[in-house]
Amino acid sequence: QVQLVESGGGLVQAGGSLRLSCAASGCIFSINAMRWHRQAPGKQRELVAVIAGSDSTLYSASVKGRFTISRDGAKNTMYLQMNSLKPEDTAVYYCGATVVRDTVLPPADYWGQGTQVTVSS
């Protein structure tokens, strides 16, 4: 199996910064892509950022220019540097990964349990 564990969430004032981490472990042959989603109370989960195997990145319009996604392939760890945080960034942040477990099985998606980010005004 594959486990994803997020860390780095917390409470921060508007304008502040946080850095989230997502560590993948378990039966991993390779990781095709990793991504961050978030879900605010009463809202649907939305995509925040994606980083592909080629390290190409994609951001939602609401975070572009403020958030930076990166990863350390050797550690199977992904990061989300969040700057200039706004109260509307308050949400539970989830990491996801498309993982290849071996050369036979097709890639599969895995999710972490989420980490709370709260931005006070």
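Quick one: in the stretch 1-27, which of the residues that are within 19 Å of Ser120 (Cβ to Cβ) and part of a strand (DSSP E or B) is least open to solvent (accessible area, probe 1.4 Å)? Working first, answer last.
Quick first cut of the stretch 1-27, residues within 19 Å of Ser120 (Cβ to Cβ) only: 8-20.
Subsequent filtering for residues that are part of a strand (DSSP E or B) retains 10-13, 18-20.
Values: Gly10: 25, Leu11: 131, Val12: 22, Gln13: 135, Leu18: 29, Arg19: 126, Leu20: 0 Å².
Among residues in the stretch 1-27 that are within 19 Å of Ser120 (Cβ to Cβ) and part of a strand (DSSP E or B), the one least open to solvent (accessible area, probe 1.4 Å) is Leu20.
Can you name the residue in the stretch 60-107 that is touching a Pro at 6+ places or on another chain (Cβ under 7 Å) and of a type in the set (A, V, I, L, M) and, of all such residues, is nearest to His37 (Cα to Cα)? Before the answer, list the steps.
Applying the first criterion (touching a Pro at 6+ places or on another chain (Cβ under 7 Å)) to the stretch 60-107 yields 98-100.
Remaining after also requiring of a type in the set (A, V, I, L, M): 99-100.
Details: Val99: 17, Val100: 20 Å.
Taking the candidates together, the pick is Val99.
Where the second residue is at pLDDT 95 or above and open to solvent by 90 Å² or more (accessible area, probe 1.4 Å) and the first is more than 15 Å from Gln1 (Cα to Cα) and lies in the stretch 103-121, which pairs have Cβ atoms under 7 Å and are six or more apart or on separate chains?
Thr118/Leu11; Ser120/Leu11; Ser120/Gln13
Give the stretch 67-82 a look and list any residue that's open to solvent by 30 Å² or more (accessible area, probe 1.4 Å) and over 13 Å from Val50 (Cβ atoms), or say none. Even if it seems obvious, please write down each step before you answer.
Initially, the stretch 67-82 is screened for residues open to solvent by 30 Å² or more (accessible area, probe 1.4 Å), giving 68, 70-76, 79, 81.
Listed by number, the residues that qualify are Asp72, Gly73, Ala74, Lys75, Asn76, Tyr79, Gln81.
Which of the following residues is open to solvent by less than 60 Å² (accessible area, probe 1.4 Å) and not aromatic (Phe, Trp, Tyr): Leu58, Leu105, Leu47, Leu85? It would help to see each step written out before you state the result.
Numbers: Leu58 fails: open to solvent by less than 60 Å² (accessible area, probe 1.4 Å); Leu105 fails: open to solvent by less than 60 Å² (accessible area, probe 1.4 Å); Leu47 fails: open to solvent by less than 60 Å² (accessible area, probe 1.4 Å).
Just a single option satisfies the conditions, and that option is Leu85.
Quick one: in the stretch 28-44, which of the residues that are open to solvent by 50 Å² or more (accessible area, probe 1.4 Å) and more than 17 Å from Gly73 (Cβ to Cβ) is nearest to the chain's Cα centre (by Cα)?
Let us first name the residues in the stretch 28-44 that are open to solvent by 50 Å² or more (accessible area, probe 1.4 Å), namely 29, 32, 39, 41-44.
Filter again for more than 17 Å from Gly73 (Cβ to Cβ), leaving 39, 41-44.
Values: Gln39: 12, Pro41: 18, Gly42: 20, Lys43: 18, Gln44: 16 Å.
The residue in question is Gln39.
The values are calculated or read from the model by the stated rules, or taken from the named source; none is laboratory data. Model, not experiment: these values are computed from the prediction. Please note: Cβ atoms are built from the backbone with ideal geometry, for glycine as well, and neighbour counts cover all protein chains shown. Surface accessibility is based on the protein's heavy atoms, side chains included, excluding ligands, DNA and RNA. Shrake-Rupley method; radii C 1.70, N 1.55, O 1.52, S 1.80 Å.
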